[in-house]
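Structure record follows, encoded as structure tokens.
The values are calculated or read from the model by the stated rules, or taken from the named source; none is laboratory data. This structure is a prediction, so every number in the text was calculated from the model and none was measured. When we count neighbours, we look across all protein chains shown, and the Cβ atoms used for this are built from the backbone with ideal geometry, even at glycine. Only protein heavy atoms, including side chains, enter the accessible area calculation; ligands, DNA and RNA are left aside. Shrake-Rupley method; radii C 1.70, N 1.55, O 1.52, S 1.80 Å.
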Amino acid sequence: MGVPIVQVDAFANRPFGGNPAAVCVLGEPRDEAWMQNVAREMNLAETAFLHPENDGYRLRWFTPASEVALCGHATLASAHVLWEDGHLPSSSQARFHTQSGLLTADRRGEWIDLDFPATPPTQAPAPPGLAAALRVGPGWVGRSKFDYVVELDSEDAVRGLKPDLLALERVDARGVIVTSRATTSGYDFVSRFFAPRVGVPEDPVTGGGVVRVKLVGDRVILGGQAVTVLRGELV
């Protein structure tokens, strides 16, 4: 019997928006090479693999190139699949054991709230080659646990950014978040995320998804919607 796999558009309320992720709910752990091969075959920003563990599920995320320690949209997609496919009652909290500790997801009507660790950036010098790769003079630059954060002076600058992705891949950073306060779109801020070094040229949720964000101490609540777009079977 094959392994079911589901593709979900996360941080979206309709198909073909937000950020696609594949989700495999397994009965038992699979070896890392197999998971990486599946992720490479799916060729999405992230593929999530889950199996039951203790009071929840062990969750791991893979890009087409490597495993990552934390991913929001594939966690949202995983919770969505657990509820939609009957692995969990719709009223139950989804609990995930991950490299980044315990993550939880709760349904709030049509929305899902994720409880994640906050990883705030601190001001840091830009790594060599960053400004040239972004093709823009960055304003404030910070470094979080995983990525660099670059603040530009306008929403239009973020939306119009056309980085040199080959040059950005050579910058010593897992990923680069480019952001600005929003002034014309009705949102609080806009951001884009580039991570060509780990196989994600640009995260599709940037420009195509809506994320609610609430800081609670050293945690952050990320709210989003999700829709299933594809079901298949790995043979």
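General observations
- With the convex hull drawn around the C-alpha atoms of segment 99-175, the volume per residue stands at 141 Å³.
- Summed over the residues of segment 1-70 and divided among them, the accessible surface reaches 45 Å² per residue at a probe radius of 1.4 Å.
- Portion, in percent, of the accessible area of the chain that falls on carbon or sulfur, probe 1.4 Å: 51 percent
- Cα long-axis angle, helix 32-42 against the chain (0 to 90 degrees, to the nearest 10): 70 degrees
- Size descriptor, Kirkwood hydrodynamic radius, that averages inverse alpha-carbon separations across segment 1-94, Å: 13.4 Å
- Two-decimal Rg/Rh across segment 153-235, once Rg and the Kirkwood Rh are taken from alpha-carbon atoms: 1.03
- Accessible surface, per residue, of segment 90-235 when the full set of protein chains is kept, probe 1.4 Å, Å²: 55 Å²
- When only alpha carbons are used to place a centre, segment 136-170 and segment 63-98 end up 28 Å from one another.
- Quotient of Cα Rg and 2.2 N^0.38 Å for segment 6-58, N being how many residues it contains: 1.24
- With the helix formula -39500 (n - 2.57) applied to DSSP H stretches of n ≥ 4, the chain reaches a computed 222 nm mean residue ellipticity of -4500 deg cm²/dmol.
- Antiparallel content of DSSP bridges confined to segment 1-51, in %, to 5: 50 percent
- Within the chain, the longest segment free of exposed loop sites, counting chymotrypsin sites (Phe, Trp or Tyr not before Pro) that fall outside DSSP classes H, G, I, E and B and have at most 15 other Cβ atoms within 10 Å, spans 17-186.
- Selected from N43, N13, N54 as most flexible by GNM, with the chain as the system and alpha-carbon contacts under 10 Å: N54
- Largest to smallest principal axis extent of the C-alpha atoms in the chain, angstrom: 53, 37, 31
- For segment 111-186, the antiparallel share of DSSP beta bridges with both residues in that region comes to about 60%.
- Those trypsin sites (Lys or Arg not before Pro) in segment 46-138 that DSSP places in a loop and that have at most 15 other beta carbons within 10 Å: R135
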